[in-house]
Amino acid sequence: MSVTRAITVLVHGLWVHGVVMGLQRCYLARMGFDAVCYSYPSVRLSLTENADRLAQFARKLAEPRIHWVGHSLGGLVILRMLEREPVLPPGRVVLLGVPYRDSFAGRVLAGNTLGARALGRSMREWLAAQKPAHYPGRDIGVIAGSMGVGLGRVVARGLPVPNDGVVAVTETELAAARDRIVLPVNHIGMLLSRSVARQSGAFLRDGKFDHRAGMS
């Protein structure tokens, strides 16, 4: 698959702005990928509303092939979009620390009024939703982190191990994924990691991760 005929859209997670994906975008650009960062209101709008907005953004790009890289909640927005808009341009998907199966930390937050408000409508919608098992025509790669340092360990002390400090490795499992890899990074550290970017690039290019590569 040629990287020059596709654009890659990076979608951020909860409570932040698209600018946090800037370093990953730069790493991917150095590997030859044309990449852009997308921002959305991660708390105020529902997951479906954000997915529909992302689909509108994709259509405006008017590109024949669009790859997707989503961190945490951003990956869930991408998956909901692909569920609702299966005829969008083809392209591969990389999920970074995305709690597809469940979110122990999210459910702890949702257990009280203040926490539920902070968690936002998008994440609460995913927790209550039935998870699609298949995304026809999409190559999906999953990157999970195993460095258990992060806010999730504070608000949810029973977070299953191994985890990335927010999301347990088991929570990232997706049967429809073509490949998956676990790296020694934490949830926020994924956004700074060259190794994560290299693995994302490998999957976008080849449809598989480079399991021989180290963390250098």
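We did not get these values from a lab; they are worked out from the coordinates using the rules stated. Computed from a predicted structure; not experimentally measured. Cβ atoms come from the backbone with ideal geometry, glycine included; neighbour counts cover every protein chain shown.
The number of residues in region 83-108 that are part of a helix (DSSP H, G or I) and surrounded by fewer than 23 Cβ atoms within 10 Å (Cβ to Cβ) comes to 5. The listed residues are V169, V142, V154, V161, and the only one of them that is farther than 18 Å from L14 by Cβ and free of Cβ contacts under 8 Å to residues at least 24 places away in the same chain turns out to be V161. Taking each residue of region 109-138 that is farther than 30 Å from G91 by Cβ and looking for partners that are hydroxyl-bearing (S, T, Y) and not in a helix (DSSP H, G or I) with beta-carbon atoms closer than 9 Å, six or more apart or interchain, yields L109/S103; A110/S103. Here is the figure for region 41-67: residues that are surrounded by 21 or more Cβ atoms within 10 Å (Cβ to Cβ) and either acidic (D, E) or out of contact with any Pro (no Cβ under 9 Å at 6 or more places or on another chain) (or both) total 5.
When region 25-55 is filtered for residues that are touching a residue at least 40 places away in the same chain (Cβ under 8 Å) and touching a Leu at 6+ places or on another chain (Cβ under 6 Å), only S42 remains. Taking the listed residues V154, V149, V166, the one that is part of a loop (DSSP other than H, G, I, E, B) and surrounded by fewer than 22 Cβ atoms within 10 Å (Cβ to Cβ) is V149, with no other qualifying. Confirm whether G70 is in a helix (DSSP H, G or I), surrounded by 24 or more Cβ atoms within 10 Å (Cβ to Cβ) and of a type outside the set (F, W, Y). No, not satisfied.
Just to be sure, is V16 without any contact (Cβ under 8 Å) to a residue 40 or more places away in the chain, among the β-branched types (V, I, T) and surrounded by 16 or more Cβ atoms within 10 Å (Cβ to Cβ)? Against the criterion (without any contact (Cβ under 8 Å) to a residue 40 or more places away in the chain, among the β-branched types (V, I, T) and surrounded by 16 or more Cβ atoms within 10 Å (Cβ to Cβ)), V16 qualifies.
Per the conditions (1) surrounded by 15 or more Cβ atoms within 10 Å (Cβ to Cβ); (2) under 15 Å from the mean Cα position of the chain (by Cα), the sole criterion not satisfied by V182 is (1).
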